Amino acid sequence: VAPIKADAAQWQGLKAWIGTQKDWTITLDDGNFLQAVVTTPTVKFRDDVQLLFVADAGLIQAYSSSRLGISDLGTNARRVAMLRDQVARTK
């Protein structure tokens, strides 16, 4: 997945937004690294999301993966696209 272009304010805005999502639980926030667990609404699968903000490059490296199953039916790609859209809204 291509990194998400973001400045420090957008990174902070994204972290704040994630913190308000009912199906997301932040398990680690180390400043420039955030790890969260997302529970899917229908089947209650738990997926992992990891975000690394590379301040010098103005990028967020995003990784989303399912813990179970053979196929995620595009859920993780849609989740990263949603994060990308959220960052774009905070300009």
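The values are calculated or read from the model by the stated rules, or taken from the named source; none is laboratory data. Since this is a predicted model, take the numbers as computed values, not measurements. Here Cβ is always computed from backbone atoms with ideal geometry, including for glycine, and neighbour counts include all displayed protein chains. In case anyone asks, the SASA skips ligands and DNA or RNA and just uses the protein heavy atoms, side chains included. Shrake-Rupley method; radii C 1.70, N 1.55, O 1.52, S 1.80 Å.
Data overview
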read-out: Average Cα contact separation per residue, the chain, under 8 Å, 6 or more apart, as relative contact order %; value: 29
read-out: Dipole magnitude (debye, nearest 20) for the chain, charges at Cβ of Lys, Arg, Asp, Glu; value: 300
read-out: Helix-only [θ]222 nm of the chain, DSSP H runs n ≥ 4, -39500 (n - 2.57) each, per residue, nearest 500; value: -10000 deg cm²/dmol
read-out: Relative frequency of Cα-Cα separations exceeding 20 Å in the chain, percent; value: 30
read-out: Rg(Cα)/(2.2 N^0.38 Å) for segment 31-79, N = residue count; value: 1.29
read-out: The chain, accessible surface, carbon-and-sulfur percent (1.4 angstrom probe); value: 56
